[in-house]
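The values are calculated or read from the model by the stated rules, or taken from the named source; none is laboratory data. Model, not experiment: these values are computed from the prediction. Neighbour counts run over all protein chains shown; Cβ positions are idealised from the backbone, glycine included.
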Amino acid sequence: MPLWLKLIAGSAFFVLAIWAGLAILRGLANPGPDRDGSETVDVEAEDVRYRCGVCGLEIRMTRAPADDAKPPRHCMEEMEPVDAAANQ
């Protein structure tokens, strides 16, 4: 392969790599879509808690989806609701 062809191919690959890298960095630098908070509700005052039946992890929900009341999943299973009054 002649030297001039290697230089052209190498330059084209370099420009393509720089272009792809900058496109990835631009995508990471842009903020995500705006969320107005209408799709979630504040449940912190209600003290909603769930426990994983497999490993015992317990979480307290502070925000929950407004349209879907399914419990969160952990260890590939749905978590069980916990009575907060029984823990105190």
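The condition of being more than 21 Å from Val82 (Cβ to Cβ), without any contact (Cβ under 8 Å) to a residue 24 or more places away in the chain, loosely packed, with under 10 Cβ neighbours inside 10 Å and not aliphatic (A, V, I, L, M) does not hold for Gly56. Only one entry of Ala9, Ala17 meets the criterion of being modelled with pLDDT of 95 or more and surrounded by 11 or more Cβ atoms within 10 Å (Cβ to Cβ), and that entry is Ala9.
Residues in the stretch 44-67 that are in a loop (DSSP other than H, G, I, E, B) and modelled with pLDDT under 80: Ala66, Asp67.
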